[in-house]
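Shown next, in structure tokens, is the structure this report addresses.
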């Protein structure tokens, strides 16, 4: 199946609510997302209005995640009143285009907490080992 | 022994030395004698001088374009069978129009790769947010793929794992530009011929200079340090082997001449010009040096003479007949070069010898053409 053109093939109503969201395009075990604008009440499998970028969540050999954003078109659709889904809002926040999304801070904080807990557990395990020996 | 080594280094000959008693064979090739590349990274920026119309004209003229070489078939450009050439009968006006067209095409083919300063490293932090530490262990790279923005002005930023948002460095920018807007022929990973020293040196040894420089132009930007390093080594190798003719009629001759003149090492090029009897181009080279460095004795004279030389047709081969104007102009050129040799040259004796050889040859030519004129009865 060939990819739809970036300009999109989805039919849409001018006044219907739009949403900018991630649309999964990869295959099994290899996620890859298009950042697209669609009508809000449509499924992700249906043709989109326009593709606005892409997001590759798997780090490449240099340990980088690549995001492409067509900022001009994103601004256009935001001006038209398009909604932004939380994952896209997070990406835009990290890029400096939006303010950082609260969920990003939450994830960062939770990750730090888990790391701290893991460290503490490790230390305890070592201590108990020493005590046993 | 050290003296011997230095002499071998000068001559650049693969030499085998056999010692008298023990049969120890010592092979020295110039690939072991490393060339030190010099980049345009000093205080002075070469770009304004390189792009000034005066210097461009001089460099283009020094390229001495031979259309047989400029328009030669290099690839069959995707065709299975080469097209047969077309032959046409043309009137004089049509022929002139065709020649004009060919000149324009040649100008495009001979457009010189720019000579600019090495770029400065990018260090531009946009924001720091320590609350993002721990969000992800990978870097995020954001590329603005808005239509119609040039690669060098595209917005490309990265979010580091420590929460810093910054503009990307040049190498990352280049990689991302190539990912989203590929330039045909350019590779994301540097080709082995540039990274592997043995392969690079083998290309130099085989004198594949044009291939090397063409590929470097495609792979790198002109303000990259690696581009300037590669071209610098190549130019110096050409200079050492005096194989300037391989680069004549190509777009790389101008930047090479510029490089040699900028680093004040154009005397072997001057010698080659004198030995091949191209005194006019010798004057152009002196004028170029005056324009770039301004240290030529009586340099204004050379530049004025260059203005006289530029309208004359390019001499691809040694002339067989001479007109009186030619003789006058060439005599002026010889005088100008004499002054240059006395005051500026680093290879005085050799150049003087070459000039003397030219003078003798030229005298014969003058006598011949004057005699011919007399014989034809219009002297």
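The values are calculated or read from the model by the stated rules, or taken from the named source; none is laboratory data. This one's a predicted model, so the numbers in the text were calculated from it and none came from an experiment. We place every Cβ from the backbone using ideal geometry, glycine too, and count neighbours over all the protein chains shown.
Brief remarks on what is shown
- Filtered by the rule that a residue be outside any helix (DSSP H, G or I), more than 11 Å from every other protein chain (Cβ to nearest Cβ) and touching a residue at least 24 places away in the same chain (Cβ under 8 Å), region A:64-120 gives A:80, A:81, A:82, A:83, A:84, A:85.
- Among the residues making up region B:187-210, a single one is within 21 Å of the chain's Cα centre (by Cα) and surrounded by fewer than 13 Cβ atoms within 10 Å (Cβ to Cβ): B:206.
- Any hit, region B:48-60, residues being part of a loop (DSSP other than H, G, I, E, B), in contact (Cβ under 8 Å) with a residue 24 or more places away in the chain and outside the structural domain of residue B:309 (by TED's automatic domain parsing): yes
- Residue within region B:79-92 that is closer than 27 Å to residue B:317 by Cα and either part of a helix (DSSP H, G or I) or in contact with a strand residue (DSSP E or B) (Cβ under 6 Å, 6 or more places away or on another chain) (or both) present: yes
- Residue within region B:110-124 that is within 14 Å of chain A (Cβ to nearest Cβ), crowded, with 17+ Cβ neighbours inside 10 Å and part of a loop (DSSP other than H, G, I, E, B) present: no
- For region B:160-186, filtered to residues that are in a helix (DSSP H, G or I) and more than 11 Å from chain A (Cβ to nearest Cβ), the residue that is surrounded by the fewest Cβ atoms within 10 Å (Cβ to Cβ) is B:178.
- Here the helices (runs of 4 or more DSSP H) wholly within region B:218-322 that include at least 2 residues being more than 24 Å from residue B:356 (Cα to Cα) and assigned by TED's automatic domain parsing to the domain that holds residue B:191 are B:225-241, B:253-262.
- Restricted to region B:127-159, and to residues there that are in a loop (DSSP other than H, G, I, E, B) and more than 10 Å from every other protein chain (Cβ to nearest Cβ), the residue that is surrounded by the fewest Cβ atoms within 10 Å (Cβ to Cβ) is B:150.
- Scoring residue B:185 on the criteria (1) farther than 20 Å from residue A:70 by Cβ; (2) free of Cβ contacts under 8 Å to residues at least 24 places away in the same chain; (3) in the same structural domain as residue B:215 (by TED's automatic domain parsing) leaves a single failure, condition (2).
- Qualifying positions in region B:368-379 - surrounded by fewer than 11 Cβ atoms within 10 Å (Cβ to Cβ) and part of a helix (DSSP H, G or I): B:374, B:375, B:376
- With respect to the conditions (1) in contact with a helix residue (DSSP H, G or I) (Cβ under 6 Å, 6 or more places away or on another chain); (2) without any contact (Cβ under 8 Å) to a residue 24 or more places away in the chain; (3) closer than 27 Å to residue B:251 by Cβ, residue B:171 falls short on a single one, namely (1).
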